[in-house]
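Only one structure is covered here, and it is reproduced in the block below.
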Amino acid sequence: EGEQQSSVVTIIMDMARPYGWNRNGLLVERVLPGKQAAEVGVKAGWRIWAVEGVRVYSDEDLLAEKARIRETMPAGSTLAAVTFETVELTDAAAGTAAAAAAAVSKAEVART
């Protein structure tokens with residue numbers, strides 16, 4: 001079985017633009033091509049860890065922090081630092097993840 005290694009990365013994102021991802025809680029499940037998340041390098045499987053240095057533990061924390069940032073940002077400023085926990089898969093785990101993703105894609109096509 002493959003191993004996972006995690007680390008954190010902070011990316012500056014524009015709070016005024018759509019993020020371009022599908023989330024399940026704090027987990028980024030899908031990054032939409034051509035949208036902000038893809039442009040700045042966010043990857044599916046990353047988990048939102050903090051916003052402007054404030055640790056978030058739930059979707060409610062994230063929404064509250066985003067609202068606080070919007071209220072306290074200087075006029076005209078829309079950029080904020082978003083920190084993600086990244087998960088890098090070893091080759092064996094990446095192969096398993098790719099097979100699972102392919103199966104999900106086939107299931108989505110079958111439903112349409």
- Here are some conditions: (1) farther than 16 Å from Leu79 by Cβ; (2) modelled with pLDDT of 95 or more; (3) touching a strand residue (DSSP E or B) at 6+ places or on another chain (Cβ under 6 Å). Val40 meets all but one. Which one does it not meet? (1)
- Inside segment 57-80, can you point out the residues that are over 12 Å from Asp14 (Cβ atoms) and polar (S, T, N, Q)? Ser58, Thr72
- Message: Taking the conditions exactly as written (of a type outside the set (A, V, I, L, M, F, W, C) and either modelled with pLDDT under 95 or part of a loop (DSSP other than H, G, I, E, B) (or both)), does Glu88 satisfy them or not?
- Response: yes
- Task: Kindly establish whether Arg17 is touching a helix residue (DSSP H, G or I) at 6+ places or on another chain (Cβ under 9 Å), at negative phi and of a type in the set (Lys, Arg).
- Result: yes
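The values are calculated or read from the model by the stated rules, or taken from the named source; none is laboratory data. This structure is a prediction, so every number in the text was calculated from the model and none was measured. Please note: Cβ atoms are built from the backbone with ideal geometry, for glycine as well, and neighbour counts cover all protein chains shown.
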